[in-house]
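FYI, it's all coordinate maths here, none of it is from the lab. Just so we're clear, the structure is a prediction, and the values are computed from it rather than from any experiment. Note that each Cβ is placed from the backbone with ideal geometry, even for glycine, and that neighbours are counted across all protein chains shown.
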Amino acid sequence: MTDEEYLSTQHQLTALARMVAEMDLAGFISRISYAEGVGPILDPTLYMKAIDNLQKIKRLAVGASKFQKAALEVLDG
């Protein structure tokens, strides 16, 4: 990795950390969990079509929430 690549990666990480730090990921994950609970009851057909993508997005959000914790520690520290 060159010096330029190193600096670019560092800047991108800190920019990403600032963006993720501001997200309400707990609320987002809560909304997905709610949709997972009521979706099969309210609209089973739509739920069956959407569940795979919904679970993928939830996995991203859960991973982002872990990154968010680290980002907040770094940005606040």
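At a glance:
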item: Rounded Å value of the spacing that divides the Cα centres of segment 46-77 and segment 15-40; result: 6
item: Computed [θ] at 222 nm, helices only, for the chain once each DSSP H run of length n ≥ 4 contributes -39500 (n - 2.57); result: -32000 deg cm²/dmol
item: Net charge of Cβ neighbours under 13 Å - reference LEU54; Lys, Arg +1; Asp, Glu -1; result: +2
item: Two-site FRET efficiency, THR45 against LEU72, from Cβ-Cβ distance with R₀ of 30 Å, rounded to 0.05; result: 0.15
item: For Cα Rg over 2.2 N^0.38 Å, calculated from these coordinates, the label among [x] 1.19; [y] 1.01; [z] 1.48; result: [z]
item: Local electrostatic count, ALA35, Cβ distance below 15 Å [Lys/Arg +1, Asp/Glu -1]; result: +2
